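*Asks:* Sharing a structure below in structure tokens format, with a few things to ask.
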Amino acid sequence: VATRVGTGAAATVTGIGFQPDFVWSKIRNDTGSHYLADAVRGANKVLSTNNTNQESPGSTITAFTNDGYSVDASLSIFNKTYVDWLWRAGNTTVTNTAGTNSATISSTYSVNNLSKFSIVTYSGNSQASTVAHGLGVNPNLIIIKCRTSGPTNWPVYHSSQGPNNIPYLENTTPYFTRSGNFNNTNPTSLVFSVGGSGQTDYQNTNSQGNNYVAYCWAEVPGYSKFGTYTGNGDNDGPFIYCGFRPRWIMVKDTSATSHWVIVDTARSSYNVTTTGILPDNSGPETTGVGQYD
């Protein structure tokens, strides 16, 4: 998690300690879209979680360096504050052709085998299919976006909810059940599944040849945790065991209309944390997200 202040000009952020392959950037003290770029699709190709637009070419996140990343002036407005959430994948890409590793669609991915995070791109074929993700273990979280057609939703798979119970990252709708999501099939250690055209929500739909990106995570003890909890309505809320001090937390109510919420320990370095950013909203960071210890 990196925080910075805009200079009014293009800037390069250094001192990250690794080459990020996925950058998710948000202005904190003003209204502005979320900007997501990754090294598999390439810099200057951004998606926004707060809308359903297709991939937008243009200068925003302009480069990934061996110790950071570069942004243009539009993501470095003078005296505005920003937060950037960064993940390292593999720094290189692998092409998995159809018929290999149980995949029926060819994909290109970059994978971090230690933290179990991968960035996957593939082209749709409007048929029930499987896509290699490269993790080597079953993913716990998959976020998919159609890059070349819009408006299209951001379907999210969470292992606790199964393939047919999903939300959209860009809105406040609760989890809902619809047959055909992720082809009614949980991911395996090799592939995740997508349904045919008309059967799923923007994982393999529309005309043949649309391009997609999927961000995949699997749990690593001591590093990452994916799970559920039940609220109790008390000021002393439930305790969620992670096995480590979280750096970054994203929460969504599965049963009611509510915002997605992200909190992190860079913007709020001590308890109680009350400052969140809403992935489904372009507004500035807000204190109306509840309290986190």
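The values are calculated or read from the model by the stated rules, or taken from the named source; none is laboratory data. Predicted, not measured: the structure shown is a model, and the values here were computed from it. Backbone-built Cβ (ideal geometry, glycine too); neighbour counts: all protein chains shown. Ligands, DNA and RNA are stripped out before the accessible areas are found, and what is left, the full protein with its side chains, is counted by its heavy atoms. Shrake-Rupley method; radii C 1.70, N 1.55, O 1.52, S 1.80 Å.
*Asks:* Give the residues of region 172-188 that are within 30 Å of Tyr35 (Cβ to Cβ) and either modelled with pLDDT under 95 or buried (at least 19 other Cβ atoms within 10 Å of the Cβ) (or both), sorted by residue number. Spell out how you get there, then give the answer.
*Replies:* Initial filter on region 172-188 (within 30 Å of Tyr35 (Cβ to Cβ)): 172-176, 178, 181-182, 187.
Of everything in region 172-188, those that are within 30 Å of Tyr35 (Cβ to Cβ) and either modelled with pLDDT under 95 or buried (at least 19 other Cβ atoms within 10 Å of the Cβ) (or both) turn out to be Thr173, Pro174, Tyr175, Phe176, Arg178, Asn181, Phe182, Pro187.
*Asks:* Filter region 136-146 down to the residues that are out of contact with any Leu (no Cβ under 7 Å at 6 or more places or on another chain) and surrounded by fewer than 24 Cβ atoms within 10 Å (Cβ to Cβ), then identify the one that is nearest to Asn44 (Cα to Cα).
*Replies:* Pass one, region 136-146, residues out of contact with any Leu (no Cβ under 7 Å at 6 or more places or on another chain): 136-142, 144, 146.
Narrowing the set further to residues that are surrounded by fewer than 24 Cβ atoms within 10 Å (Cβ to Cβ) leaves 136-138, 140-141.
Values: Gly136: 30, Val137: 31, Asn138: 31, Asn140: 28, Leu141: 25 Å.
Checking each candidate, the answer is Leu141.
*Asks:* From Thr3, Thr12, grab the single residue that is farther than 24 Å from Ser268 by Cβ and assigned to a strand (DSSP E or B). Let's see the steps before the verdict.
*Replies:* Details: Thr3 fails: farther than 24 Å from Ser268 by Cβ.
Exactly one of Thr3, Thr12 is farther than 24 Å from Ser268 by Cβ and assigned to a strand (DSSP E or B), namely Thr12.
*Asks:* Can you spot a residue in region 70-80 that is in contact (Cβ under 8 Å) with a residue 40 or more places away in the chain, among the aromatic types (Phe, Trp, Tyr), crowded, with 17+ Cβ neighbours inside 10 Å and touching a strand residue (DSSP E or B) at 6+ places or on another chain (Cβ under 9 Å)? Step through it out loud before you land on a result.
*Replies:* Just the residues of region 70-80 that are in contact (Cβ under 8 Å) with a residue 40 or more places away in the chain, to begin with: 70-73, 75-80.
Add one more test, that the residue is among the aromatic types (Phe, Trp, Tyr), and what stays is 78.
Still in the running and crowded, with 17+ Cβ neighbours inside 10 Å: none.
So far as region 70-80 goes, no, none of its residues is in contact (Cβ under 8 Å) with a residue 40 or more places away in the chain, among the aromatic types (Phe, Trp, Tyr), crowded, with 17+ Cβ neighbours inside 10 Å and touching a strand residue (DSSP E or B) at 6+ places or on another chain (Cβ under 9 Å).
*Asks:* Related question: Return the residue satisfying two criteria in turn: it lies in region 197-251 and is in contact with a Cys (Cβ under 6 Å, 6 or more places away or on another chain) and in a loop (DSSP other than H, G, I, E, B), and of such residues it is modelled with the highest pLDDT. Show your work before the answer.
*Replies:* First, pick out the residues of region 197-251 that are in contact with a Cys (Cβ under 6 Å, 6 or more places away or on another chain): 202, 210, 212, 225.
Among the residues that remain, those that are also in a loop (DSSP other than H, G, I, E, B) are: 202, 210, 225.
On the way: Tyr202: 63, Asn210: 87, Lys225: 98.
Ranking the qualifying residues of region 197-251, first place goes to Lys225.
*Asks:* Every residue in region 78-111 that is in contact with an Asp or Glu (Cβ under 9 Å, 6 or more places away or on another chain) and among the hydrophobic types (A, V, I, L, M, F, W, C), please. Let's see the steps before the verdict.
*Replies:* Start the filter on region 78-111 by keeping residues that are in contact with an Asp or Glu (Cβ under 9 Å, 6 or more places away or on another chain), which leaves 80-81, 83, 85-91, 110.
Val83, Trp85, Leu86, Trp87, Ala89 - these are the residues of region 78-111 that are in contact with an Asp or Glu (Cβ under 9 Å, 6 or more places away or on another chain) and among the hydrophobic types (A, V, I, L, M, F, W, C).
*Asks:* Let me ask something else. For the list (1) open to solvent by 40 Å² or more (accessible area, probe 1.4 Å); (2) at pLDDT 95 or above; (3) within 17 Å of Thr121 (Cβ to Cβ), I need the number of the one condition that Val191 fails.
*Replies:* Going through (1) open to solvent by 40 Å² or more (accessible area, probe 1.4 Å); (2) at pLDDT 95 or above; (3) within 17 Å of Thr121 (Cβ to Cβ) one by one, Val191 breaks only (1).
*Asks:* Which of the following residues is closer than 24 Å to Cys146 by Cα, touching a Leu at 6+ places or on another chain (Cβ under 7 Å) and not hydroxyl-bearing (Ser, Thr, Tyr): Asn91, Asn51, Asn101? Explain how you work it out, then say what you get.
*Replies:* Details: Asn91 fails: touching a Leu at 6+ places or on another chain (Cβ under 7 Å); Asn51 fails: touching a Leu at 6+ places or on another chain (Cβ under 7 Å).
Result: Asn101 is the single residue among Asn91, Asn51, Asn101 that is closer than 24 Å to Cys146 by Cα, touching a Leu at 6+ places or on another chain (Cβ under 7 Å) and not hydroxyl-bearing (Ser, Thr, Tyr).
*Asks:* Across region 249-277, what is the total count of residues that are aromatic (Phe, Trp, Tyr), surrounded by fewer than 14 Cβ atoms within 10 Å (Cβ to Cβ) and under 23 Å from Ser160 (Cα atoms)? Write out each step before concluding.
*Replies:* In the first step, residues of region 249-277 are kept if they are aromatic (Phe, Trp, Tyr); the result is 260, 270.
Of the ones still in play, those that are also surrounded by fewer than 14 Cβ atoms within 10 Å (Cβ to Cβ) are 270.
Those still in the list that are under 23 Å from Ser160 (Cα atoms) too: none.
Result for region 249-277: 0.
*Asks:* Within region 34-56, is even one residue of a type in the set (S, T, N, Q), modelled with pLDDT of 95 or more, exposed (fewer than 14 other Cβ atoms within 10 Å of the Cβ) and under 21 Å from the mean Cα position of the chain (by Cα)?
*Replies:* no
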